[in-house]
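Written out below as structure tokens is the structure these notes cover.
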Amino acid sequence: MAGKALRGACEVMPSVSSHFRTDALVIGGGPAGAALAIHLARRGRSVEVVEKSTTAHHKVCGEFLSREAIAYLDELGLNIRAQGAVAVHGVRLAARNLIAECELPFPALSLTRRALDEALLTLAARAGAMVLRGRRVQSLQAAAPGWVASLADGGTRCAPAAFLATGKYDLAGHRRPSGRQNDLIALKMYFRVTPQQECSLRGWVELIFFRGGYAGLQLAENGEVNLCLLVRRKTFKSCRNQWRLLLEHLLGASDHLARRLEGAQPLLPKPLALSSIPYGLLIARPQSGLWRLGDQAAVIPSFSGDGISIALHSAHVAAEIYANGGAEMQLTGRLNAELKSPVHLAAAVSRLLVAAPGLAQMARLWPPLLRLLAAGTRIPPAALLKELRGLL
Ligand SMILES: Cc1cc2nc3c(=O)[nH]c(=O)nc-3n(C[C@H](O)[C@H](O)[C@H](O)COP(=O)(O)OP(=O)(O)OC[C@H]3O[C@@H](n4cnc5c(N)ncnc54)[C@H](O)[C@@H]3O)c2cc1C
């Protein structure tokens, strides 16, 4: 019965030997979905990626690529340095003024998501995955022995295995539960700053703390400066939910940021925004049969700069388990065990810093703190795949 229903529902006619022409349906073509598609296609599986965006575009993200992310990208064969990625060697903390700076315990890079995500999707298509652009999945239903996805344009796709990689966006009927810090919204704007400020920023990621949130400032390729910030809903409301008033508030709260952005030109007509971020979330019990990866499995607070690493890591682990005939519960169990400590520590620190930004001063009083925090809020080295540890 279910097989018949599936056959009727699918755009794609079943092959003679099976109801399905596709082994795996990947919903969402961000870092998690695209990386999974590359792994599976290289293992000879037929994969379809459904991605709602039609072309390369900017996304809300600080665009800091940690050592683990770089190693996973290298391992996929993506040379992001050739895409113009900018080296980051140190982190600075600032509140009203500069508080502390230290060298990162690892080399990092900065690349816009417009460039990174597009390069990954291109690689997925080259590896043999079918990448469907400009098509949004509206709903996903279990229909034994597989899954049927209904698309906003009226089409359907089906496969025996479905991987949910919609990242920051929840799919109706498959919403993630709340995280440990749920009251932040994110805004992002690119600026062209003065040559002097660009020079001071080169090589550094700056974290700027203010009451009710924090911001990251970092140079990307082409000299664009990314200001990506998180702010409590009520702080934004007190700025009448207006970007201009919020920016004025930030510039008033931080002399450091005011210096950086003096004479800066905004490069987007309006900021990119995102709400309802379940920071600190870690999925403990998957819906039977549905694989969740990337931000759909775990959401680490942004200051850690490890979300993309987690997305790439989860894709690698999912592909390994799936290719070995394992089940999605194994992926959830493994990600839970590996990521509980960094995700929960980062959520606790993020809540503290948003409530009491003055605590960032502790980094000046006790300099090893920054390094310890950087190490404690990322994928533990033991969890990284053996072949990857060699690249670090
Ligand atoms: C403010 C902020 C700053 C951050 N800064 C950093 C940082 O500096 N470094 C870092 O490593 N991480 C950072 N992160 C985290 C990082 O952005 C995420 O962890 C990462 O993007 C997760 O990748 P993903 O593939 O799971 O999801 P996404 O990157 O969100 O990709 C999901 C994809 O699915 C598509 N999609 C969604 N819904 C549908 C649908 N229904 N149908 C079809 N397609 C769909 C979307 O278009 C998108 O392309 C930050 C996050 C935030 C919010």
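The values are calculated or read from the model by the stated rules, or taken from the named source; none is laboratory data. Here the structure is a predicted model, which means the values were calculated and not measured. Ideal geometry is used to build each Cβ from the backbone, glycine not excepted, and the neighbour counts take in all protein chains shown. Quick note on the areas: whole protein, heavy atoms, side chains included, nothing else; ligands and nucleic acids left out. Shrake-Rupley method; radii C 1.70, N 1.55, O 1.52, S 1.80 Å.
What to note about this one:
- Its relative contact order, with pairs defined as Cα atoms under 8 Å and 6+ residues apart, puts the chain at 21 percent.
- Within the range 27-173, antiparallel bridges make up roughly 75 percent of the DSSP beta bridges whose residues both belong there.
- Placed amide H near ARG292: partners under 5 Å, 5+ positions off or other chain: LEU164
- For the range 290-298, Karplus couplings with θ = phi - 60° (6.51, -1.76, 1.60), whole Hz, Gly/Pro x: 9, 7, 10, 9, x, 5, 6, 10, 8
- Note on the range 59-94 and the range 361-379: Cα centroid distance 20 Å, given to the nearest whole angstrom.
- CD proxy at 222 nm, helix term only [per DSSP H run n ≥ 4: -39500 (n - 2.57); per residue of the chain; nearest 500]: -10500 deg cm²/dmol
- Extension reserve of the ASN324-ALA172 stretch, reckoned as 0.36 nm per residue once the Cα distance is removed: 51.7 nm
- Alpha-carbon Debye profile of the range 170-289, log10 I(q)/I(0) at 0.10, 0.11, 0.19, 0.20 Å⁻¹: -0.37, -0.44, -1.02, -1.10
- Counted by Cβ distance under 11 Å from ALA124, the other residues give a net charge of -2, where Lys and Arg count +1 and Asp and Glu count -1.
- If you run the Gaussian network model on the chain, springs between alpha carbon atoms under 10 Å, then out of ILE283, ILE321, ILE208 the most flexible one is ILE321.
- Amide H contacts under 5 Å for GLY29, placed H, 5+ residues apart: LYS52
- Simple point charges give the picture: +1 on the Cβ of Lys and Arg, -1 on the Cβ of Asp and Glu, and for the range 9-131 a dipole about the Cα centre of about 80 debye.
- Integer Hz, Karplus 6.51/-1.76/1.60 couplings in order for the range 123-135, x for Gly and Pro: 5, 4, 5, 5, 6, x, 6, 8, 9, 9, 9, x, 10
- Cubic angstrom per residue, convex hull over Cα atoms of the range 332-392: 89 Å³
- Take PHE210: with every protein chain present and a 1.4 Å probe, its accessible area is about 10 Å².
- Apportionment of accessible area to carbon and sulfur, the chain, percent (1.4 Å): 55 percent
- The heavy atoms of ASP74 offer some 60 square angstrom of accessible surface to a 1.4 angstrom probe.
- DSSP bridge orientation in the chain - percent antiparallel, rounded to nearest 5: 70 percent
- With every protein chain in place and a 1.4 angstrom probe, the accessible-area ranking of HIS174, HIS89, largest first, reads HIS89, HIS174.
- Entries in LYS59/LYS234; LYS52/LYS237; LYS59/LYS237; LYS188/LYS237; LYS59/LYS340 that, when Cα-Cα distance is taken, lie over 21 Å: LYS59/LYS234; LYS52/LYS237; LYS59/LYS237; LYS59/LYS340
- The amide H of ARG136, built 1.01 Å from its N in the peptide plane, has ALA152, ASP153 as neighbours under 5 Å, considering only residues 5 or more places off or on other chains.
- Normalised alpha carbon radius of gyration of the chain [divisor 2.2 N^0.38 Å]: 0.99
- Of all DSSP bridge pairs formed entirely within the range 90-229, close to 85 percent run antiparallel.
- Working note: Karplus 6.51/-1.76/1.60 with θ = phi - 60° gives the range 263-268 the couplings x, 6, 9, x, 9, 10 Hz, where Gly and Pro are set to x.
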